[in-house]
Amino acid sequence: QLQLQESGPGLVKPSETLSLTCTVSGGSISSSTYYWGWIRQPPGKGLEWIGNIYYSGSTYYNPSLKSRVTISVDTSKNQFSLKMSSVTAADTAIYYCARLDSSGWYLGYWGQGTLVTVSS
Amino acid sequence: QSALTQPRSVSGSPGQSVTISCTGNSSDVGGYDYVSWYQHHPGKAPKLMIYEVTKRPSGVPDRFSGSKSGNTASLTISGLQAEDEAGYYCCSYAGSYTFPWVFGGGTKLTVL
């Protein structure tokens, strides 16, 4: 059974860089059918798609966050990562990693999510 | 592109049916049969309930069904149960955009 697990600091200071890693187990991140994505949910708000990466390294970013976001992949570790620079309190959210199935463009598997708080 | 439009809340009594709508435009919902629905209980990972408008993943009860007409997709939950109380989000592929995936704003389902 495929599992995704987010990891990283739960507290980040304003203006600094948020860094999270998603470890994939039970399946290969290098499968040609899937993309790997980051989605977040600020407190009391809905889901916001941050961006996706393909195992080859091709990336796709939400235009609203593109200037601050970098997603990378490490196929040797079966992991992909998110970096978001110049964070503010508005970036406080639960961050989820997920697998996007390109056969139907749906998110079939999700991590449990990790809360990141931006505060000094 | 803009988020898909969902009602902020819906409610129903146990055993009843409810329908949650998801309205987009011809570039997303109306243009592709790639609408999916997710159930989200607080503190848990979102769960895929419907994909490609009408398909149910293995393990999802057949009380959950999806449909689409024009630019509006719908999720219907029949025989409401207390455990169905959750947030529900639609999502659509929008191939003509640079970032061609968009969520709806989410709907809170309350089981009375």
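Those strands (runs of 3 or more DSSP E) of segment B:16-108 in which at least 2 residues are closer than 28 Å to A:Leu4 by Cα and at the interface with chain A (Cβ under 9 Å from one of its Cβ atoms), considering only elements entirely within it, cover B:35-40, B:47-50, B:86-93, B:101-103. One residue alone among B:Gly105, B:Gly43 is touching a residue at least 24 places away in the same chain (Cβ under 8 Å) and of a type outside the set (Val, Ile, Thr), and that residue is B:Gly105. Contact annotation: residue pairs with Cβ atoms under 6 Å, 6 or more positions apart or on different chains, pairing a residue in segment A:94-120 that is closer than 20 Å to B:Val35 by Cα with a partner that is part of a strand (DSSP E or B) and among the acidic types (Asp, Glu), are A:Cys97/A:Glu6; A:Gly108/A:Asp101. Entry remark, segment A:59-87: residues being within 16 Å of A:Ile39 (Cβ to Cβ), free of Cβ contacts under 8 Å to residues at least 12 places away in the same chain and in a strand (DSSP E or B) number 1 in total.
Would you say A:Gly104 is part of a loop (DSSP other than H, G, I, E, B), farther than 17 Å from A:Leu20 by Cβ and within 14 Å of another protein chain (Cβ to nearest Cβ)? Yes.
Take the conditions free of Cβ contacts under 8 Å to residues at least 12 places away in the same chain and either crowded, with 22+ Cβ neighbours inside 10 Å or within 12 Å of chain A (Cβ to nearest Cβ) (or both) and apply them to B:Ala3. Does it pass? Against the criterion (free of Cβ contacts under 8 Å to residues at least 12 places away in the same chain and either crowded, with 22+ Cβ neighbours inside 10 Å or within 12 Å of chain A (Cβ to nearest Cβ) (or both)), B:Ala3 does not qualify.
Laboratory data are not the source of any read-out in this text; all were calculated from the coordinates shown. Note that the structure is a prediction, hence the values are computed from the model and not measured. Positions of Cβ are generated from backbone atoms using ideal geometry, with glycine treated the same way; all protein chains shown enter the neighbour counts.
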